[in-house]
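Colleague: Input: one structure, supplied below.
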Amino acid sequence: MDSITANNGIIHFNKAGYPAINQHIKQHNFSKIFILVDSNTHECCLPYFLSNLEHANNIEVIEIEAGEIHKTIDTCVGVWNSLSELDGDRKSLLINIGGGVVTDLGGFVASTFKRGIAYINIPTSLLAMVDASVGGKTGVDLGTLKNQIGVISTPDMVLIDTKFLDTLPPEQMRSGLAEMLKHGLISNETYWNKFTNFSELTLKDLDALIYESVLIKKAVVDADPFENGLRKTLNFGHTLGHAIESYFLSNTHKTDLLHGEAIAIGMVLALYISEKLVGFPQQKTQSIKTLLRKYYGKVEFEDSDYKPILELLKYDKKNSHGNINFVLLEDIGKTKIDCLVEESLIIEAFQFYLE
């Protein structure tokens, strides 16, 4: 597990990544190197990264506040201003060290500063390793609406070092796990079944699962980089999951949900809808719901929550021509895109989730 060559740049794993990044910096003679971190990764991850960097001179560190609420255009303006004030030019390099907020926002900043500078993603959360840093999607939220502003662009490389997971809180590990579970559901039952006893897996097992998860996403992205068809399958569970995440972020009476926690709910809802509309096996719906409940517990919903969540569905990026398009499953590994779903069935799915 050293490197993967993808259409969206080369992905390096663990120790193999540091010689690659050092060689890349040496070859390209960047005018200046900037490192983007948040307040957490500045303390927990940056020192380790710098200790593996041969060319640590002429580096400027830019720090942003941690958390999804700071994934905004205002934060981008602050980073753009810092790049400008620190004499960044078109031959500069931006290295993004952090979770999905840092890699998404940093990629967007790099893609738009001086009409585009080179950047490298170094994900430090499980979610960013298996999802956010791979695939070329960059961007920021619009208020509480997820990822409404952004571009698809290519990082020079991605370095996935699972040593960074040593600093990750358990709830963030669970959040990233949701995307790996999704990869299993949309790709193949063999991979999905590896998660049925996740608590018994070793760190070596986790490394192998992360590698396989990245391979699954890479294959989809390489085949459809601009989400015209196949790439839409990566949004399984996200149509309702993103709406739920946004609703909880904007509602002062609710406790914020991490991305993976909301997506886990979205997947249960999508499985029930899949069972009713495209014939997903009922027994599998129940067993998957049981497994997800084991990992993520149950979040309570009131009848008054449904309408505002349904309203948020209209902002989903997969929508077209006024239609809300769902990704459903006919079976594990057998997806169906652009499915239309009645509101009454969505509410039925919530009731199934709560049972």
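Colleague: Checking residue 196 against (1) part of a loop (DSSP other than H, G, I, E, B); (2) polar (S, T, N, Q); (3) without any contact (Cβ under 8 Å) to a residue 12 or more places away in the chain; (4) over 22 Å from residue 326 (Cβ atoms), which single condition isn't satisfied?
Modeller: (3)
Colleague: Follow-up. Which one is nearest to residue 327 (Cα to Cα) among residues in segment 213-261 that are of a type in the set (Val, Ile, Thr) and outside any helix (DSSP H, G or I)?
Modeller: Ranking the qualifying residues of segment 213-261, first place goes to 255.
Colleague: For segment 40-51: of the residues being of a type in the set (A, V, I, L, M, F, W, C) and in a helix (DSSP H, G or I), which is surrounded by the fewest Cβ atoms within 10 Å (Cβ to Cβ)? Spell out how you get there, then give the answer.
Modeller: Step one: list which residues in segment 40-51 are of a type in the set (A, V, I, L, M, F, W, C), which gives 44-46, 49-50.
Narrowing further to those that are in a helix (DSSP H, G or I): 44, 46, 49-50.
Values: 44: 17, 46: 19, 49: 21, 50: 13.
The extreme case among them is 50.
Colleague: Can we say residue 94 is in contact with a strand residue (DSSP E or B) (Cβ under 9 Å, 6 or more places away or on another chain) and either closer than 27 Å to residue 182 by Cβ or open to solvent by less than 10 Å² (accessible area, probe 1.4 Å) (or both)? So that I can check it myself, show each step before the final result.
Modeller: On the way: in contact with a strand residue (DSSP E or B) (Cβ under 9 Å, 6 or more places away or on another chain): yes; either closer than 27 Å to residue 182 by Cβ or open to solvent by less than 10 Å² (accessible area, probe 1.4 Å) (or both): yes.
Yes; evaluated as a whole, the condition is true for this residue.
Colleague: Going by the structure shown, is residue 177 in contact (Cβ under 8 Å) with a residue 60 or more places away in the chain and within 13 Å of the chain's Cα centre (by Cα)?
Modeller: For residue 177, the condition - in contact (Cβ under 8 Å) with a residue 60 or more places away in the chain and within 13 Å of the chain's Cα centre (by Cα) - is met.
Colleague: Condition first: open to solvent by less than 70 Å² (accessible area, probe 1.4 Å) and farther than 15 Å from residue 88 by Cβ. Now tell me which residues in segment 26-39 satisfy that.
Modeller: Passing the criteria: 37, 38, 39.
The values are calculated or read from the model by the stated rules, or taken from the named source; none is laboratory data. Source: prediction; values computed, not measured. As a convention, Cβ positions derive from the backbone with ideal geometry for all residues, glycine included, and neighbour counts pool all protein chains shown. Remember, those area values only see protein heavy atoms, side chains included, never the ligands or the DNA or RNA. Shrake-Rupley method; radii C 1.70, N 1.55, O 1.52, S 1.80 Å.
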